[in-house]
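Let me begin by presenting the structure, written as structure tokens, before commenting on it.
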Amino acid sequence: MPTQTSPAIIKYTYEVIATWPHDHLAFTQGLVFRNGSLLESTGLYGRSSLREVDLKTGRILKQISVPAQFFAEGLAVIGDRAYQLTWQNGKGFVYDADTFRLEKEFTFEGEGWGLATDGRSLIQSDGTNRIRFLDPATFQVIRIIDVIADGHPVNRLNELEWINGEIFSNVWQTDKVMRIDPTTGRVRGVIDFSGLLAPQDRGPETDVLNGIAYDAANDRLFITGKCWSKIFEVRLKIRP
């Protein structure tokens, strides 16, 4: 039975508020809502990019390619700088978020998966149940949390988003998104996005759910996946 120190994990489902087109060839690794449009990091060797995308039309407004030897991963924006990880190269890139001009590169330990920010630190996942908080100036690790649900580690944490004081993370190869306490690592809630992308909207290239963005000013949550043809604005509902 849950105790006062171990509250029950809240289980959520969802309702779709709106649907927008998405490039079905975009292998989405990171997604950020900024100034009315989406910034997106796409992966795969030879296809990785940083792009700005019009939410309503899916049109690419601006794009730069990442060198072919890199597999791009998570993306976060602090102020006027965009930070992008790579998967297994231990290297990240810092861009001017408005012009996409590359300002510098940085290095980090382990693999790069998801990236988010609380406005002060970069928050990084690496495919395990560990989440690291990095100094955005030095890229040194400030602290680490282990993500736990009901006493068990939650592995394969991937795309991250900071939402109302919590970390949201999808679990790779599932339709689940975790609501995580950023201080303790405890999972507060689990959102089940099963059935979000309909069978008729899937193609040969369609991959797993991966892509969480939040419009804080208007309290809008967006979800997509790797090579999905749609982006969904969703509202969470507690499962009865």
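If one computes P(r) from the Cα atoms of the chain, what percent of pairs lie at distances over 31 Å? Summing the P(r) of the chain above 31 Å gives 16 percent of all pairs. Accessible surface of the chain, 1.4 Å probe: 50 percent of it comes from carbon and sulfur atoms. Enumerate lysine pairs in the chain that are 8 or more residues apart or on different chains, then count those whose Cα atoms are under 13 Å apart. Qualifying lysine pairs in the chain: 4. Once Rg and the Kirkwood radius are both taken over the C-alpha atoms of region 66-125, their ratio Rg/Rh works out to 0.94. Each residue of region 43-50 was assigned a 3J(HN,Hα) from its phi angle through the Karplus curve 6.51 cos²θ - 1.76 cosθ + 1.60 (θ = phi - 60°); the sequence is x, 5, 5, x, 10, 6, 7, 10 Hz, with glycine and proline shown as x. In the neighborhood of Gly165, defined by Cβ-to-Cβ distances under 10 Å, what is the net charge if each Lys or Arg adds +1 and each Asp or Glu adds -1? Net local charge, Gly165 excluded: -3.
Fraction of C-alpha pairs exceeding 15 angstrom in region 1-85: 64 percent, rounded to a whole number.
For region 115-123, 3J(HN,Hα) computed residue by residue from phi via the Karplus equation (6.51, -1.76, 1.60; θ = phi - 60°) reads 8, 8, 8, 9, x, 10, 10, 7, 10 Hz, glycine and proline entered as x. For Asn210, nonlocal amide neighbours, meaning residues 5 or more places apart or on other chains whose placed amide H falls under 5 Å from its own, are Thr224, Gly225, Lys226. The trypsin sites (Lys or Arg not before Pro) of region 1-68 that DSSP puts in a loop, and whose beta carbon has at most 15 other beta carbons within 10 Å, are Arg47, Lys56, Arg59. Estimated from the Cβ-Cβ distance and a Förster radius of 41 angstrom, the FRET efficiency linking Gln63 and Arg239 is about 0.60.
Would you give the gap between the C-alpha center of region 36-61 and the C-alpha center of region 194-240, rounded to a whole Å? Result: 15 Å between the Cα centres. Amide H contacts under 5 Å for Arg34: Leu39, restricted to partners 5 or more places along the chain or on a different chain, H placed in the peptide plane at 1.01 Å from N.
Sequence-ordered 3J(HN,Hα) estimates for region 226-240 from the Karplus curve with 6.51, -1.76 and 1.60 and θ = phi - 60° stand at 5, 6, 8, 8, 9, 10, 10, 8, 10, 10, 7, 9, 5, 5, x Hz, glycine and proline given as x.
The values are calculated or read from the model by the stated rules, or taken from the named source; none is laboratory data. The structure displayed is predicted, hence computed values, not measured ones. Cβ coordinates were reconstructed from backbone atoms using ideal geometry, including for glycine residues, and neighbour counts include every protein chain displayed. Side chains are part of the model used for accessible areas, which takes the heavy atoms of the whole protein and leaves out ligands, DNA and RNA. Shrake-Rupley method; radii C 1.70, N 1.55, O 1.52, S 1.80 Å.
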